[in-house]
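Have a look at the structure below, then the notes.
The values are calculated or read from the model by the stated rules, or taken from the named source; none is laboratory data. From a predicted model like this one, the values you see are computed outputs, not experimental measurements. Cβ: placed from backbone, ideal geometry, glycine included. Neighbour counts: every protein chain shown.
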Amino acid sequence: MFRRFFSYYRPYKGLFLLDFGCAILVGLLELLFPVAVNQVIDQIMPQKNFQLVVWACIGLFVFYVINTALQYVVIFFGHKLGVNIETDMRRELFQHLQRQSFRYYDEQKTGSLISRLTTDLFEISEVAHHGPEDVFITIMTLIGSFILMYRAHAKLALATFALLPLITLALVFFNKKMTKVNLEIYETLGEFNSGVEASVSGIRVTQSFANEPFEASRFKGLSESYRRAKIRFYKVMAASSAYNYLLIRSISLFTLIFGAYYVIQGELTYGEFVFFILLSNVFVRPIEKVNNMIESYPKGFAGFKRLTEELDRNPEIMDKPDALVVESLQGDIHYDHVSFSYGTEEKRVLEDIDLAIAPGETVALVGQSGSGKTTLSNLLPRFYDVTKGRITIDGIDIRDMTLTSLRDQIGIVQQDVFLFPGTIRENIAYGRLDASEEEIQQAVRLAHLEGAVADMPQGLDTSIGERGVKLSGGQRQRVAIARMFLKNPPILILDEATSALDSETEQVIQESLNSLATGRTTLIIAHRLATIKYADRIIVVSPQGILEQGTHDELLASQGHYAELYRSQFR
């Protein structure tokens, strides 16, 4: 665990050495100050030379100026080191999340993932900055102050350090308890974020059903769980702080009592007595810092533990070591006895699908809801991997291709259109990030979006809001279609691509899609059978397999499942 944590320091060795070195100098100078005061009291003051005292104080002031500069370096560059490490961890986690399969996101809550990317890593920055230097300087200060005190007066030094084992045991005990509580806090915070994300995203549904009181009650429950977890943490922290405060002040009290006794006995000079008092304060300071560490370090290590647990979760779908980079595919697709289940084998969505699609062929998949049409299309770009069988394109198993090159060859327009916050231009250009302005304009024309764009206040640079809320359903669908025209892939998957359009617009877009499909292999998932009459082949799918296939006219004439679906839809 610690070896893995310190591996994040490697890119910043110079920054770490600067911070760590200055922190050590600060600790050494703190130890030297009581020695200097001792010399002023015992050596200089008895000479009754005030000028010499002034020069000694000027020397101490220079000492403070140097220490101040070192403190600035430690605080600024140390926190810079911590933020750099936190950023690297966040970037690594984000890239890890991007490699996860659809099945992973089916089981995760968005709020929990956001919590892992944000809150979990906040305290890691503090641990990365203070962790190594605080531990080292604490040990160095304790040992250094003990040696100096022991050389001056062994009995008083031992009396001063008598309470140190009790403080150490308390630190270990409270650190374990607070780490455990912090893990609970992070889990609760993930649930809290998920609830907030769902409530905010679904505000239109909430208001349409007038369910604001229900959402307020649910939010209250989430807030209460988080509040209780935080209170448990602060209860442990308060006990730790109170216990350590008593022990730390006892150290100063022990030094005062025993020091006064030895001064009265003539075993200590006044300078040595002041020296001990100052050293006891130096000795107490790192202990107080450790007490503060108990509050922040368990948070950081709890966050790092959750980070490593997530990073150790291997993506379900990965490239093989020798995966092929495919530059161009013709679109000769074969589902070779494919079966698939989301969970247990008993709950299969697809069973022994054997289907060949020729290059350039337009195939429509129809069937009842839950028959596996969308699942069949999701297997092609490897959003999920088949449970049994295999899928090949141009004779190559898709599991033998790199995911990036495979998905570059496939374009998808989904029923549930997702648009990113930003402008229309940015969302269309997402289809090909290096597209020119002329290519974007052509995609707009092909998707018949130019009229809508012309009516926008800032044209293509109009902001569309979160998930495109400022656009109508048809406009969002056409932006998604324009994005696909720009990508221009050899294989198309149209999952109810015109479902959000009115009849007139649907006809126009359908003509554009037909034009786009020319010369490309196209899979159309359709509930509205009127949109697929002119497909080269219509395939009726069910969880048990392919029930029948043929052209629209052939299937109607056969009076089978398709004819029944058609009659029920147009009755």
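Considering E361, E327, the condition of being of a type in the set (D, E, K, R), surrounded by 18 or more Cβ atoms within 10 Å (Cβ to Cβ) and assigned by TED's automatic domain parsing to the domain that holds L555 is satisfied by E361 alone. Looking at region 437-445, can you tell me whether even one residue there is assigned to a loop (DSSP other than H, G, I, E, B) and modelled with pLDDT of 85 or more? Checked against the condition, which is being assigned to a loop (DSSP other than H, G, I, E, B) and modelled with pLDDT of 85 or more, region 437-445 yields no hits at all. As a summary of the residue check, D336 satisfies the conditions (1) within 21 Å of Y104 (Cβ to Cβ); (2) at pLDDT 90 or above; (3) assigned to a strand (DSSP E or B) except for the one numbered (1). Between D434, D416, D394, D385, the distinction of being assigned by TED's automatic domain parsing to the domain that holds D332 and within 33 Å of the chain's Cα centre (by Cα) belongs to D385 only. Among the residues making up region 423-450, a single one is surrounded by fewer than 16 Cβ atoms within 10 Å (Cβ to Cβ) and either in contact (Cβ under 8 Å) with a residue 60 or more places away in the chain or of a type in the set (G, A, S) (or both): S436. For R204, the requirement of being at pLDDT below 75, farther than 27 Å from K80 by Cα and either of a type outside the set (V, I, T) or touching a helix residue (DSSP H, G or I) at 6+ places or on another chain (Cβ under 6 Å) (or both) is met.
Please find, within region 488-519, the residue that is modelled with the lowest pLDDT out of those that are part of a loop (DSSP other than H, G, I, E, B) and of a type in the set (G, A, S).
A500
The single condition from (1) over 27 Å from the mean Cα position of the chain (by Cα); (2) crowded, with 19+ Cβ neighbours inside 10 Å; (3) modelled with pLDDT of 75 or more; (4) not hydrophobic (A, V, I, L, M, F, W, C) that G303 fails is (1).
Close contacts from region 354-382, counting a first residue that is touching a residue at least 12 places away in the same chain (Cβ under 8 Å) and a second that is of a type in the set (K, R) and surrounded by 20 or more Cβ atoms within 10 Å (Cβ to Cβ), with Cβ to Cβ under 8 Å and a gap of 6+ residues or different chains, come to L365/K373; V366/K373; G367/K373.
On the given criteria, is Y430 at pLDDT below 90, closer than 18 Å to L516 by Cβ and touching a helix residue (DSSP H, G or I) at 6+ places or on another chain (Cβ under 9 Å)? When the stated conditions are applied, Y430 passes them. For first residues located in region 263-284 and in the same structural domain as S241 (by TED's automatic domain parsing) and in a loop (DSSP other than H, G, I, E, B), partners that are of a type in the set (A, V, I, L, M, F, W, C) and at pLDDT 75 or above and lie 6+ apart or on another chain with Cβ distances below 8 Å form the pairs L268/A152; L268/L156; L268/F276; T269/V263.
Applying a threshold of 6 Å to beta carbon distances and a minimum spacing of six or more residues, or different chains, the list of pairs starting in region 469-487 at a residue that is modelled with pLDDT under 80 and ending at one that is in a helix (DSSP H, G or I) and not small (G, A, S) reads G474/T505.
Scanning region 146-167 for residues that are closer than 15 Å to V282 by Cα, aliphatic (A, V, I, L, M) and crowded, with 19+ Cβ neighbours inside 10 Å yields L148, M149, A157.
Could you look through region 520-553, keep only residues that are touching a strand residue (DSSP E or B) at 6+ places or on another chain (Cβ under 6 Å), polar (S, T, N, Q) and assigned to a strand (DSSP E or B), and pick out the one that is surrounded by the fewest Cβ atoms within 10 Å (Cβ to Cβ)? The extreme case among them is Q549. Scanning region 245-288 for residues that are surrounded by 18 or more Cβ atoms within 10 Å (Cβ to Cβ) and among the small types (G, A, S) gives G259, G271, S280. Going by what's in this entry, would L29 be described as part of a helix (DSSP H, G or I), at pLDDT 75 or above, in the same structural domain as E272 (by TED's automatic domain parsing) and closer than 16 Å to L278 by Cβ? In short, yes.
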